[in-house]
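The values are calculated or read from the model by the stated rules, or taken from the named source; none is laboratory data. Here the structure is a predicted model, which is why all the values come from computation and not from measurement. Using ideal geometry, Cβ is built from the backbone for each residue, glycine included, and neighbour counts are taken over all protein chains shown.
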Amino acid sequence: MKAGEKYTDRELIDKILNNETAVFELIIRRNNSYLYRIGRMYRFSHEDTQDLIQETYIEAFIHLHQFENRSSFRTWISRIMLHQCYRKTQKWSSKHIMPLENNTKVSENLYNSETFAQVMNKELNSVIEKSLLAIPEDYRIAFTLREINGLSVQETAEAMEISEGNVKTRVSRAKAYLRKEIEKYYIKDEIFEFNLIYCDEIVNRVMRKIKEI
């Protein structure tokens, strides 16, 4: 068992609220890949997504005492990330969001580990990313939360603030859009993977900010 895995989210939160601030690093490492996928599904660049993740963790840390365990912590922090993404799409002009055709360089950087290269080649990575980014946003976000990040229908509904029936409809339609392009290749844990080097960077950035609070 890896360090930190023996603690539940609730136990980690209680430790943090009892001034064990350093434990927040475990929260970050546990949720980085999930938040990263949400940012990329909004078509933000790798760098912008990292900024959004940082903002999300800071918001979560500041308001951690408000988490009441009514839903899972992952649902709660996913909702914060969704709100951050939504606000930025409303605030920024389209020039700050990477066009689909310019994602190639970032994709190559994201998939540069030898382990990942053994599983999927870069050409297929590009096909999967572009296929996902091409579908309507509402369907894309529902699909990411439910199928890639592994939230339940109820958790996805809570995160997106829609009904469970709406979640099922959106996910179903997303799959219909994606079927021809990626169904026979689809490996959910390896889409928009967040490499360890980026995880460490986010941990360091967030923990530095928390010390200033």
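Values as computed for the structure displayed
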quantity: Residues that are of a type in the set (Lys, Arg) and closer than 9 Å to Val167 by Cβ, drawn from the stretch 131-155; calculated: Arg146
quantity: Single residue of Lys15, Lys2 found to be over 25 Å from Glu137 (Cβ atoms), modelled with pLDDT under 95 and of a type in the set (Lys, Arg); calculated: Lys2
quantity: Within the stretch 169-179, tally of residues that are within 12 Å of Glu147 (Cβ to Cβ) and surrounded by 15 or more Cβ atoms within 10 Å (Cβ to Cβ); calculated: 5
quantity: Odd one out for Ile182 among (1) at pLDDT below 75; (2) within 30 Å of Phe24 (Cα to Cα); (3) surrounded by 13 or more Cβ atoms within 10 Å (Cβ to Cβ); (4) hydrophobic (A, V, I, L, M, F, W, C); calculated: (2)
quantity: For Phe44: the one exception among (1) of a type in the set (A, V, I, L, M, F, W, C); (2) buried (at least 19 other Cβ atoms within 10 Å of the Cβ); (3) assigned to a helix (DSSP H, G or I); calculated: (3)
quantity: Residue list for the stretch 16-34, restricted to those being surrounded by fewer than 17 Cβ atoms within 10 Å (Cβ to Cβ) and among the polar types (S, T, N, Q); calculated: Asn18, Asn19, Thr21
quantity: Matching residues in the stretch 130-161 - criterion: being among the basic types (Lys, Arg) and at pLDDT 90 or above; calculated: Arg140, Arg146
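One line per residue, one yes/no per condition, for (1) modelled with pLDDT of 90 or more; (2) surrounded by fewer than 18 Cβ atoms within 10 Å (Cβ to Cβ); (3) part of a loop (DSSP other than H, G, I, E, B):
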| position | (1), (2), (3) |
| --- | --- |
| Tyr36 | yes, no, no |
| Arg40 | no, no, no |
| Asp51 | yes, yes, no |
| Met81 | yes, no, no |
| Cys85 | yes, no, no |
